[in-house]
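**Student:** Got a structure here, written out as structure tokens. Questions coming.
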Amino acid sequence: MHQLILTFSCHDTSGIVHAVTGAIVGCGGNITELQQFSSTDTGRFFMRIEVDTPVEPEDFRQVVSQVSALFDATWEVSEAHRKARALVLVSKAAGPLNDLLFHLRAGDVPIEIPLILSNHDALRSLAEFYGIDFGSQVVLPENKHEFEDRIRHCVRDLDIDLVVLARYMQILSPELCSDLSGRIINIHHSFLPGFKGANPYRQAHTRGVKLIGATAHFVTSDLDEGPIIEQNVKRVDHAASVSELSSIGQGLESETLTEAVRLFAEKRIFLDGIRTVIFK
């Protein structure tokens, strides 16, 4: 038996579930998980199905292709055991990278990381501890395009599905954001846009915030305004120092980024305009 994941989206109309599930049953498939959602905002229908089937994956794709043509659908069939391949970009902050690599080794996140790239050398030893190749170079305005070309080459040559910005402290060009649309995930503190710029946790402490958090989102050319994938918050009070706020916030950032990567790897994220549909 082959374990497959089918993702399917189209304009919402009657008969979609009947047609798709009927086709699956018709080729001997057994549906082990099915989630669906109809967006009243955009008129789109989204569905994620896990299937056990005796037919070969390519033959199953032919079956789905015939059904999808009836609805002008966007679809993908993936083998459930295949791990998503991720290129991770970092700067100096170790927390998000360490959390991601810890859960990778523990088997909690179904990804492979063939390479970590950075604009600093600070996290090389962490990558080496986990046995992952690490490359670094100084990124300045005059050579930024060279580093981004290196990213493009890695995505192509290493068969990368996802680029993860694990506190990579450089703004990507609009061209790269467009080239990899829907395939770059970033993490930031949830104070934006209230506390922009340097020292957001000090700004938050000064204002006496009662909630801090983190947001993982897809990267677009609009800085920190891409479709949101995952968010976490935690209550704090007046007794928390700047360093305590920073520690709590950085922990939330790490947890939130790792969860967003897991959702992507398991094919649980659908883009619906500037929003996301998440099947957990």
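**Student:** Can you tell me which residue among Thr7, Thr21 is surrounded by 16 or more Cβ atoms within 10 Å (Cβ to Cβ), of a type in the set (Val, Ile, Thr) and under 18 Å from Ile278 (Cα atoms)? Outline the logic, then answer.
**Tutor:** On the way: Thr21 fails: under 18 Å from Ile278 (Cα atoms).
Just one listed residue meets the conditions, Thr7.
**Student:** For segment 176-191, indicate whether the set of residues that are of a type outside the set (D, E, K, R), at positive phi, surrounded by 14 or more Cβ atoms within 10 Å (Cβ to Cβ) and under 18 Å from the mean Cα position of the chain (by Cα) is non-empty.
**Tutor:** The answer is yes; a qualifying residue exists.
**Student:** For segment 8-41, enumerate the residues that are within 15 Å of Val63 (Cβ to Cβ) and part of a strand (DSSP E or B).
**Tutor:** Answer for segment 8-41, where residues must be within 15 Å of Val63 (Cβ to Cβ) and part of a strand (DSSP E or B): Phe8, Asn30, Ile31.
**Student:** Name the single residue that is farthest from Lys267 (Cα to Cα) among those in segment 26-77 being in contact (Cβ under 8 Å) with a residue 60 or more places away in the chain and of a type in the set (S, T, N, Q). Before the answer, list the steps.
**Tutor:** Just the residues of segment 26-77 that are in contact (Cβ under 8 Å) with a residue 60 or more places away in the chain, to begin with: 35, 37, 39, 41-42, 44, 46, 48, 68, 71-77.
This time we only want the ones that are of a type in the set (S, T, N, Q), so: 35, 39, 42, 68, 74.
Values: Gln35: 12, Ser39: 18, Thr42: 21, Ser68: 18, Thr74: 14 Å.
The residue in question is Thr42.
**Student:** What single numbered condition from (1) surrounded by 16 or more Cβ atoms within 10 Å (Cβ to Cβ); (2) more than 25 Å from the chain's Cα centre (by Cα) fails to hold for Val51?
**Tutor:** The one condition Val51 does not meet is (2).
**Student:** Is it fair to say Arg202 is loosely packed, with under 15 Cβ neighbours inside 10 Å, in contact with a Leu (Cβ under 9 Å, 6 or more places away or on another chain) and among the charged types (D, E, K, R)?
**Tutor:** Numbers: loosely packed, with under 15 Cβ neighbours inside 10 Å: yes; in contact with a Leu (Cβ under 9 Å, 6 or more places away or on another chain): yes; among the charged types (D, E, K, R): yes.
For Arg202, the condition - loosely packed, with under 15 Cβ neighbours inside 10 Å, in contact with a Leu (Cβ under 9 Å, 6 or more places away or on another chain) and among the charged types (D, E, K, R) - is met.
**Student:** Quickly run through segment 133-172 and pick out the residues that are of a type in the set (S, T, N, Q), free of Cβ contacts under 8 Å to residues at least 40 places away in the same chain and in a loop (DSSP other than H, G, I, E, B).
**Tutor:** To start, the set of residues in segment 133-172 that are of a type in the set (S, T, N, Q) comprises 136-137, 143, 170.
Narrowing further to those that are free of Cβ contacts under 8 Å to residues at least 40 places away in the same chain: 136-137, 143.
Gln137, Asn143 - these are the residues of segment 133-172 that are of a type in the set (S, T, N, Q), free of Cβ contacts under 8 Å to residues at least 40 places away in the same chain and in a loop (DSSP other than H, G, I, E, B).
**Student:** Go through (1) touching a helix residue (DSSP H, G or I) at 6+ places or on another chain (Cβ under 7 Å); (2) crowded, with 21+ Cβ neighbours inside 10 Å one by one and return the number of the condition Ser221 breaks.
**Tutor:** Against the list (1) touching a helix residue (DSSP H, G or I) at 6+ places or on another chain (Cβ under 7 Å); (2) crowded, with 21+ Cβ neighbours inside 10 Å, Ser221 comes up short only on (2).
**Student:** Take the residues of segment 183-205 that are modelled with pLDDT of 90 or more and out of contact with any Cys (no Cβ under 8 Å at 6 or more places or on another chain): which is farthest from Gln231 (Cα to Cα)? Break it down into steps so the answer makes sense when it comes.
**Tutor:** To start, the set of residues in segment 183-205 that are modelled with pLDDT of 90 or more comprises 183-187.
Remaining after also requiring out of contact with any Cys (no Cβ under 8 Å at 6 or more places or on another chain): 183, 185-187.
Details: Arg183: 18, Ile185: 13, Asn186: 12, Ile187: 10 Å.
My answer is Arg183.
**Student:** Sort out which residues of segment 15-39 are under 15 Å from Gln66 (Cβ atoms) and of a type in the set (S, T, N, Q), and write them in order of number.
**Tutor:** Taking segment 15-39 first, the residues under 15 Å from Gln66 (Cβ atoms) are 15-16, 18-27, 29.
Once the filter is applied, which keeps residues that are under 15 Å from Gln66 (Cβ atoms) and of a type in the set (S, T, N, Q), segment 15-39 yields only Thr21.
**Student:** Is it true that Ser38 is within 21 Å of Val277 (Cα to Cα), among the small types (Gly, Ala, Ser), modelled with pLDDT of 95 or more and buried (at least 17 other Cβ atoms within 10 Å of the Cβ)?
**Tutor:** Numbers: within 21 Å of Val277 (Cα to Cα): yes; among the small types (Gly, Ala, Ser): yes; modelled with pLDDT of 95 or more: yes; buried (at least 17 other Cβ atoms within 10 Å of the Cβ): no.
Criteria not met by Ser38.
The values are calculated or read from the model by the stated rules, or taken from the named source; none is laboratory data. What you see is a predicted model, and the numbers here were worked out from it, not measured in a lab. Heads up, the Cβs are rebuilt from the backbone with ideal geometry, glycines too, and the neighbour counts pull from every protein chain shown.
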